[in-house]
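The values are calculated or read from the model by the stated rules, or taken from the named source; none is laboratory data. In this text the structure is predicted, and so the values were computed from the model without any measurement. Don't worry about glycine lacking a Cβ; one is built from the backbone with ideal geometry, like all the others, and counts go over all protein chains shown. Calculation scope for accessible area: heavy atoms of the full protein, side chains included, ligands and nucleic acids excluded. Shrake-Rupley method; radii C 1.70, N 1.55, O 1.52, S 1.80 Å.
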Amino acid sequence: PQPLPVPILTVNGSQATVSGNMENVARFDFQILERESEEVLSTIPMEISYSTCVISERLVEEYPDTEFSVRVQAVAKDLTKNTNSDWSVIMPIDKPKRLPEPVNVRIITVQTTTNGQTYENTLYPGAIDWDAVEGAEHYTVRVLHDGKSYKFFGTYDTYLNRFWKDGDILPSGTYTVEVTAECLDGSYLDSLPAVSNAWEYVQPDTKLQTPSNLRWEGSVATVDPLTGADGYAFRLYYRPNAASAWEKPTEQY
């Protein structure tokens with residue numbers, strides 16, 4: 001069998017892109033090399049649907065003072081038709097830059113708007129927001145309770161409505177938040193985590209009373225108003241016939 005054609009490798013800053021004939025190609029193997037010695041530091045297999053390779057954060061951290069180069073090889077899908085291609089020419093590739101840390105990360109402690117703008121959902125105590133980072137496509141948010149990891153979120157927005165759900169009991173203590181900006185195509189390294197203000201939360205000693213006089217008014221379920229309540233959660237149960245057990249769907253109103 002004849003070897004596959006050598007892929008065409010193009011490097012633009014920190015991105016290496018492969019092109020060429022894809023017939024009988026199973027994948028591309030990118031090799032990251034130390035630029036001066038041409039020692040192979042890492043081999044990165046890529047499906048043909050992913051034609052771009054970047055230097056990973058792991059390599060940047062493992063070799064902080066190293067300049068990198070890259071080359072690529074096409075791997076044959078059917079070895080009875082072709083063997084693997086030769087390696088392409090070695091080309092220098094830049095390290096990706098790190099995204100800047102998000103700024104103005106804060107835990108909302110009172111119902112609020114930001115910069116005069118009202119979000120689609122108003123921010124209530126326990127919500128988190130921060131300023132957008134240019135180049136970032138995604139953010140990870142880690143909530144810490146008394147210095148220990150409490151919850152973890154991923155979001156494409158620059159805010160979270162709140163980090164607990166209605167009905168959850170939030171433990172008393174000190175809460176802080178770490179927000180990391182991410183670029184999903186790898187053209188930038190993740191930012192360092194930015195830390196919010198500390199929020200001292202004390203769980204209320206008293207609970208709302210149980211709603212009373214739950215009843216149907218036509219097809220509408222209703223209760224008597226309760227002092228201190230901002231809203232009411234209704235769950236609808238049903239049974240197909242009188243002999244059946246009550247069933248509860250997942251919807252909550």
Long-range neighbours under 7 Å by Cβ, at least six apart or interchain, first residue within 13 Å of residue 91 (Cα to Cα) within segment 35-50, second hydroxyl-bearing (Ser, Thr, Tyr) and open to solvent by 80 Å² or more (accessible area, probe 1.4 Å): none
Residue in segment 196-219 that is farthest from the chain's Cα centre (by Cα), counting only those that are part of a strand (DSSP E or B) and surrounded by 15 or more Cβ atoms within 10 Å (Cβ to Cβ): 201
Some residue of segment 138-155 being at pLDDT 90 or above and over 25 Å from the mean Cα position of the chain (by Cα): no
Within segment 107-137, considering residues that are open to solvent by 50 Å² or more (accessible area, probe 1.4 Å) and modelled with pLDDT of 90 or more, the one farthest from residue 57 (Cα to Cα): 131
Which listed residue, of 149, 191, is open to solvent by less than 20 Å² (accessible area, probe 1.4 Å) and either hydroxyl-bearing (Ser, Thr, Tyr) or in contact with a Cys (Cβ under 8 Å, 6 or more places away or on another chain) (or both): 191
Residue within segment 55-68 that is among the polar types (S, T, N, Q), open to solvent by 70 Å² or more (accessible area, probe 1.4 Å) and either touching a Pro at 6+ places or on another chain (Cβ under 8 Å) or within 27 Å of residue 138 (Cβ to Cβ) (or both) present: no
Boolean, residue 31 is touching a Phe, Trp or Tyr at 6+ places or on another chain (Cβ under 7 Å), of a type in the set (S, T, N, Q) and at pLDDT 95 or above: no
Enumerated strands (runs of 3 or more DSSP E) restricted to segment 21-101, each holding at least 1 residues that are among the charged types (D, E, K, R): 25-34, 40-47, 68-76
The one condition in (1) touching a strand residue (DSSP E or B) at 6+ places or on another chain (Cβ under 7 Å); (2) touching a residue at least 24 places away in the same chain (Cβ under 8 Å); (3) open to solvent by 30 Å² or more (accessible area, probe 1.4 Å) that residue 18 fails to fulfil: (3)
Filtered residues of segment 56-73 (kept if modelled with pLDDT of 95 or more and small (Gly, Ala, Ser)): 69
Residue list for segment 234-253, restricted to those being charged (D, E, K, R), at pLDDT 80 or above and open to solvent by 100 Å² or more (accessible area, probe 1.4 Å): 235
Failed criterion for residue 184 (all others in (1) open to solvent by less than 60 Å² (accessible area, probe 1.4 Å); (2) under 29 Å from residue 56 (Cα atoms) hold): (1)
Those residues of segment 221-233 which are of a type in the set (A, V, I, L, M, F, W, C) and either surrounded by 10 or more Cβ atoms within 10 Å (Cβ to Cβ) or over 26 Å from residue 124 (Cβ atoms) (or both), in sequence order: 221, 223, 226, 229
Which numbered condition residue 10 fails, given (1) in a strand (DSSP E or B); (2) buried (at least 16 other Cβ atoms within 10 Å of the Cβ): (2)
